[in-house]
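To start, the structure under review is shown below, and the notes come after it.
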């Protein structure tokens, strides 16, 4: 029987289990509304290293190992790793995970990378190509600012439309079996890989606006492919659209006949407190949605407060080269259906 649904989606006959997850964030994220729910808060932004890039590598490694430790898994229990970050040539991932000595699929989907990892990892496990895989992503405020904008020492001013790159990482172990797991009831039952959507935005400091059209496309396609409505989900969670991107998303979907205002939440809006933390439009980065998925969203499912969510991290597909050459900022968003069973 085919597992294809509609024009873009998959519904897994053998839905993989999320048997473990972990989240580690920086001090600013720990001071936010979900500080008590993250596994670890690291007060040292350098994570004991010498550079921002080395710090992010250490962050990703620690998060990966913590996910294994929670379920008393060894490296030998993991067949493949699906991971990525925001830095050029995925250096946070490659330098961070090299000593794990496991086959690695290095991924880049900008801030949507954790969804890309979960989709490919789920396909791998559901298809019988691996019993267990590790999926993770990270971002770091210092390394991202250094690469995409200005080094922190420059002290540049940020427009109100700008988001704050989250220092954080989230890791997830997917398995074909739930024997002995504390997270046995959580399964990835379906996915909707996203398309690149380019509305012609050129402002790299307003990524929420650039990514919102891609999120709208993936969400509406998920509804069509699975023959669902917004009410079929307890929450529809985007990655890091922020306040500006959320407004655009809700408007675009309403034009298509979908009102998701009752179900929608955005990790970029949620992760910081706008009243006490000056982060302008909200949070962003691979670690934003990845850390909040592990710390909060999965907990809501495990506790029975929610039964099904549509997790849609969003990414702005740009580089310093493309921006300096005057290119637009296309967006992409990938959808992951997670259910409590």
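Scanning the stretch 28-39 for residues that are over 11 Å from residue 168 (Cβ atoms) and touching a residue at least 12 places away in the same chain (Cβ under 8 Å) yields 31, 33, 37. Tell me, please, whether a residue that is part of a strand (DSSP E or B) and either in contact with a helix residue (DSSP H, G or I) (Cβ under 9 Å, 6 or more places away or on another chain) or surrounded by fewer than 19 Cβ atoms within 10 Å (Cβ to Cβ) (or both) can be found in the stretch 44-55. Within the stretch 44-55 (the criterion being part of a strand (DSSP E or B) and either in contact with a helix residue (DSSP H, G or I) (Cβ under 9 Å, 6 or more places away or on another chain) or surrounded by fewer than 19 Cβ atoms within 10 Å (Cβ to Cβ) (or both)), the answer is no, since none of the residues qualifies. Counting the residues of the stretch 230-249 that are part of a helix (DSSP H, G or I) and touching a helix residue (DSSP H, G or I) at 6+ places or on another chain (Cβ under 9 Å) gives 10.
Restricting 86, 59 to residues that are farther than 19 Å from residue 121 by Cβ, in contact with a strand residue (DSSP E or B) (Cβ under 8 Å, 6 or more places away or on another chain) and in a loop (DSSP other than H, G, I, E, B) narrows the list to 86. Against the criterion of being touching a strand residue (DSSP E or B) at 6+ places or on another chain (Cβ under 7 Å) and assigned by TED's automatic domain parsing to the domain that holds residue 116, residue 42 qualifies. Return yes when residue 82 is buried (at least 19 other Cβ atoms within 10 Å of the Cβ) and under 20 Å from residue 17 (Cα atoms) and no when it is not. When the stated conditions are applied, residue 82 passes them. Would you call residue 245 closer than 18 Å to residue 330 by Cβ, surrounded by 24 or more Cβ atoms within 10 Å (Cβ to Cβ) and at pLDDT below 90? No. The numbered conditions (1) buried (at least 17 other Cβ atoms within 10 Å of the Cβ); (2) in contact with a helix residue (DSSP H, G or I) (Cβ under 8 Å, 6 or more places away or on another chain); (3) over 30 Å from residue 273 (Cβ atoms) are all true for residue 17 except (2).
The values are calculated or read from the model by the stated rules, or taken from the named source; none is laboratory data. From a predicted model like this one, the values you see are computed outputs, not experimental measurements. Counting neighbours? That spans all protein chains shown, and the Cβs are built from the backbone with ideal geometry, glycine included.
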